[in-house]
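The values are calculated or read from the model by the stated rules, or taken from the named source; none is laboratory data. A quick note: this is a predicted structure, and the numbers were derived from the prediction, not measured. Using ideal geometry, Cβ is built from the backbone for each residue, glycine included, and neighbour counts are taken over all protein chains shown.
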Protein chains: 2
Amino acid sequence: MNEKRTDINELGEFALIDTLTKKFTSYHNETIKGVGDDAAVISISEKEALLISTDTLIEGIHFDLQYTPLKHLGYKAVTVNLSDIYAMNGNPQQITVSIAISNRFSVEAIEEIYEGIKKACDWYEIDLIGGDTSSSTSGLILTITAIGRVEKNRIAFRSTAKENDLLVVSGDLGAAYLGLQLLEREKQIFNENPDLQPDLDGYDYLLERQLKPEARKDIIAQLYAFDIIPTSMIDISDGLASEIMHLCQSSQLGCNVYEDKIPLDPKTCTTALDFNISPVTAAMNGGEDYELLFSVRQSDYEKLITIKELQVIGHFTAKDNGIYLIDKQNQIFPIKAQGWKHF
Amino acid sequence: MNEKRTDINELGEFALIDTLTKKFTSYHNETIKGVGDDAAVISISEKEALLISTDTLIEGIHFDLQYTPLKHLGYKAVTVNLSDIYAMNGNPQQITVSIAISNRFSVEAIEEIYEGIKKACDWYEIDLIGGDTSSSTSGLILTITAIGRVEKNRIAFRSTAKENDLLVVSGDLGAAYLGLQLLEREKQIFNENPDLQPDLDGYDYLLERQLKPEARKDIIAQLYAFDIIPTSMIDISDGLASEIMHLCQSSQLGCNVYEDKIPLDPKTCTTALDFNISPVTAAMNGGEDYELLFSVRQSDYEKLITIKELQVIGHFTAKDNGIYLIDKQNQIFPIKAQGWKHF
């Protein structure tokens, strides 16, 4: 055979999606935004839009059942999807759940996953409205679609930031990645010597950030209460660097981000050093923090700083300026995305 | 360990979904219908509702790439989801696509799947609005979510049929199942002797019904044109018997279905006999026809019979009467669902 065969790794996920979807036509005026943001946007009335986001979690790729409790898996599968709806400045209301399982899972095991799903639904006040179950030849596959609502004039796209807007991040970064490193280390030790007990004492925060992340409903509610509309927004699933790149590329801007402003938990810092990783690297390239990265107009600064758990980390510049991290010594480094590569 | 372990096969898919979802609470007035119909229903205005349906297709479970062309797979993945929206008497407008693939697939292979997806989108006028790609440890997994619209007073639920309503089916049944039997037979012959060429001449119709099924957009349009609102509806994915049971159970009714009214293509009949299967059995228990099964008031009969490709196959009775198939000799057989069991 002479047919061309391009390896998926040559392209990468984002270029692949672009290649696959660019030929598609839009037939309906109701479709406001398709591929290329955290969620799709569908007009449902003059003032309101619906947000829809889908994610698939696959055993062995996105999670490892050797250290992921099933209940936490169900909880996390929901929150990572809700996070995409919040990242559009919307409020999720419903989810559908598709689950595929092999025979090695018992009914009780699946019930545990659903207990986690229910716990997240109750916490975030979400209705489970459908889905299907089927068997799988190997592992566990969970696909969740989240549906939310937003006022049209409050939608936060990735593409609408402006020069001089402030770049803001919620919570702290890098902890989920270090939680994963801890779990992987203990897994390896256990596999080499099953008699050794796992030593995860004192790492609760990092482990919880990895195993049971929360979506920032509270931040969206606060922004609403203070009448701040982000000029752009994205959730941090692939690491800060990758998300900064997305906002800059979508909005056709550059930016300056200040290393000493990046919010880090003390435990993230000490654990990173134990692993010989710079804490900032964990934040920039780690991923799975599910915090919000967004921009606001400078005129919103005074209102913004009254909201807890928000940190201004930089500002947007003209595109030609480039995308830079500025360290404590005022050295300038170009930011490159090194987020999760699942291929 | 003393923990209880119930095998999934003991329960079956529908009982499993019921067990998993019954504890969930509804938080939003906008959620009109959750689990238990072809699609979920969300109110978006006084008069309109949104329909959402998700399905996952897994290699080795739902399709076999040894005889399924990738382009057809993409096409079919879309149409089976659209079929769920039509089965609520709605019109699909958007889809999201999640695809998981192992490294053995090239970019060109994935592009072929998307060509099929695009072909279906163009034919049915559907906007692709999102999705994600990720890697899979083994096979190919395709999850599609379809989104549609419907006027609230035209929604066809499964649960709203009434006694004496006529039971109607579109197209003909059993062909997709026989198409699958043909493909499986040729696969076995090929695997035993790769030098033998497949002998599928003259079976185009059956193969197309299996590999490239269509969703009945045309029937929904005709029902609209003739102002017929089905009193209940479902699409035939698991075989006529299983779908009749769903309508009867959801609507708390019995029914009489007449064997000689079940629409069969001549090729279905001759091929079924070649396989030593009764053609009616192929229709009742085969599945994957993606035709519509619905009910109408008797007063709509005159309008109904002017629509092509519809066949009245029976009528609903009181629940106590039971669910029966009546054969040409007036013998009465209770209908039992023996649809696809994917576990």
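Does any residue of the range A:1-24 turn out to be within 20 Å of A:GLN93 (Cα to Cα), in contact with a Leu (Cβ under 8 Å, 6 or more places away or on another chain) and touching a residue at least 40 places away in the same chain (Cβ under 8 Å)? Within the range A:1-24, not a single residue is within 20 Å of A:GLN93 (Cα to Cα), in contact with a Leu (Cβ under 8 Å, 6 or more places away or on another chain) and touching a residue at least 40 places away in the same chain (Cβ under 8 Å).
Does B:GLN298 fit the bill of being modelled with pLDDT of 95 or more and in contact with a Lys or Arg (Cβ under 6 Å, 6 or more places away or on another chain)? It is false that B:GLN298 is modelled with pLDDT of 95 or more and in contact with a Lys or Arg (Cβ under 6 Å, 6 or more places away or on another chain). Cβ-Cβ contacts under 9 Å between residues 6 or more apart (or on different chains), taken from a first residue in the range A:96-116 that is in contact (Cβ under 8 Å) with a residue 12 or more places away in the chain to a second residue that is of a type in the set (Asp, Glu) and assigned to a strand (DSSP E or B), are listed as A:THR96/A:ASP132; A:VAL97/A:ASP132; A:SER98/A:ASP132; A:SER98/B:ASP55; A:ILE99/A:ASP132; A:ALA100/A:ASP132. Being surrounded by fewer than 22 Cβ atoms within 10 Å (Cβ to Cβ), under 18 Å from B:GLY171 (Cα atoms) and among the hydroxyl-bearing types (Ser, Thr, Tyr) is the requirement here; does B:THR270 meet it? Spelling it out, B:THR270 is indeed surrounded by fewer than 22 Cβ atoms within 10 Å (Cβ to Cβ), under 18 Å from B:GLY171 (Cα atoms) and among the hydroxyl-bearing types (Ser, Thr, Tyr). Scanning the range B:74-84 for residues that are under 26 Å from A:ILE61 (Cβ atoms) and buried (at least 24 other Cβ atoms within 10 Å of the Cβ), we see that the one that is farthest from the chain's Cα centre (by Cα) is B:GLY74. Close contacts from the range B:157-173, counting a first residue that is under 22 Å from B:PRO213 (Cα atoms) and a second that is among the β-branched types (Val, Ile, Thr) and not in a loop (DSSP other than H, G, I, E, B), with Cβ to Cβ under 8 Å and a gap of 6+ residues or different chains, come to B:VAL168/B:VAL296; B:VAL168/B:VAL312; B:VAL168/B:ILE313; B:VAL169/B:ILE313; B:SER170/B:ILE219; B:ASP172/B:THR268; B:LEU173/B:THR268.
All told, B:GLN188 meets the bar of being free of Cβ contacts under 8 Å to residues at least 12 places away in the same chain and either over 25 Å from B:ASN81 (Cα atoms) or over 13 Å from the mean Cα position of the chain (by Cα) (or both). The residues listed here are B:ASP218, B:ASP127; of these, the one that is closer than 30 Å to A:ILE42 by Cα and within 14 Å of chain A (Cβ to nearest Cβ) is B:ASP127.
Among the residues of the range A:136-146, not a single one is touching a residue at least 12 places away in the same chain (Cβ under 8 Å), in contact with a helix residue (DSSP H, G or I) (Cβ under 7 Å, 6 or more places away or on another chain) and surrounded by fewer than 24 Cβ atoms within 10 Å (Cβ to Cβ).
Taking the conditions (1) in contact with an Asp or Glu (Cβ under 8 Å, 6 or more places away or on another chain); (2) within 28 Å of A:ASN29 (Cα to Cα); (3) free of Cβ contacts under 8 Å to residues at least 40 places away in the same chain; (4) crowded, with 19+ Cβ neighbours inside 10 Å in turn, B:HIS28 satisfies each one other than (4). Here is a check on your reading of the model: is B:ASP127 surrounded by fewer than 21 Cβ atoms within 10 Å (Cβ to Cβ) and either small (Gly, Ala, Ser) or without any contact (Cβ under 8 Å) to a residue 60 or more places away in the chain (or both)? No: the conditions fail for B:ASP127. Can you work out which of the residues in the range A:85-120 that are within 21 Å of the chain's Cα centre (by Cα) and assigned to a helix (DSSP H, G or I) is nearest to A:ASP218 (Cα to Cα)? That would be A:TYR86.
The C-beta contact set for the range A:44-57 (first residue not assigned by TED's automatic domain parsing to the domain that holds A:SER237, second residue among the aromatic types (Phe, Trp, Tyr), distance under 8 angstrom, 6+ apart or interchain) comprises A:LEU57/A:PHE63. Just to be sure, is A:ASP260 within 14 Å of chain B (Cβ to nearest Cβ) and either at pLDDT 95 or above or crowded, with 17+ Cβ neighbours inside 10 Å (or both)? For A:ASP260, the condition - within 14 Å of chain B (Cβ to nearest Cβ) and either at pLDDT 95 or above or crowded, with 17+ Cβ neighbours inside 10 Å (or both) - is not met. Hey, which of the strands (runs of 3 or more DSSP E) in the range B:1-84, taking only ones fully inside, have at least 2 residues that are within 7 Å of chain A (Cβ to nearest Cβ), under 27 Å from B:LEU247 (Cα atoms) and touching a Cys at 6+ places or on another chain (Cβ under 8 Å)? Passing ranges: none, list empty.
Counting only residues that are at negative phi, assigned to a strand (DSSP E or B) and at the interface with chain A (Cβ under 7 Å from one of its Cβ atoms), the range B:131-144 holds 6 of them. When A:GLY286 is tested against (1) in contact with a Gly (Cβ under 7 Å, 6 or more places away or on another chain); (2) modelled with pLDDT of 95 or more, just one condition goes unmet, and that condition is (2). Taking first residues from the range B:241-260 that are hydroxyl-bearing (Ser, Thr, Tyr) and partners that are part of a helix (DSSP H, G or I), the Cβ contacts under 8 Å between residues at least 6 apart in sequence or on separate chains come to B:SER242/B:ASN285. Does the range B:31-41 contain at least one residue that is on the phi > 0 side of the Ramachandran plot, in contact (Cβ under 8 Å) with a residue 24 or more places away in the chain and surrounded by fewer than 21 Cβ atoms within 10 Å (Cβ to Cβ)? Scanning the range B:31-41, I find at least one residue that is on the phi > 0 side of the Ramachandran plot, in contact (Cβ under 8 Å) with a residue 24 or more places away in the chain and surrounded by fewer than 21 Cβ atoms within 10 Å (Cβ to Cβ), so the answer is yes.
B:HIS342 falls short on exactly one of the conditions (1) surrounded by fewer than 22 Cβ atoms within 10 Å (Cβ to Cβ); (2) on the phi < 0 side of the Ramachandran plot; (3) at pLDDT 95 or above; (4) within 18 Å of the chain's Cα centre (by Cα), and that condition is (3).
Picking from residues in the range B:253-298 that are among the polar types (S, T, N, Q) and in a helix (DSSP H, G or I), the one that is nearest to B:PRO213 (Cα to Cα) is B:THR268. Considering only residues in the range A:320-335 that are assigned to a loop (DSSP other than H, G, I, E, B) and in contact (Cβ under 8 Å) with a residue 60 or more places away in the chain, the one that is surrounded by the fewest Cβ atoms within 10 Å (Cβ to Cβ) turns out to be A:LYS328.
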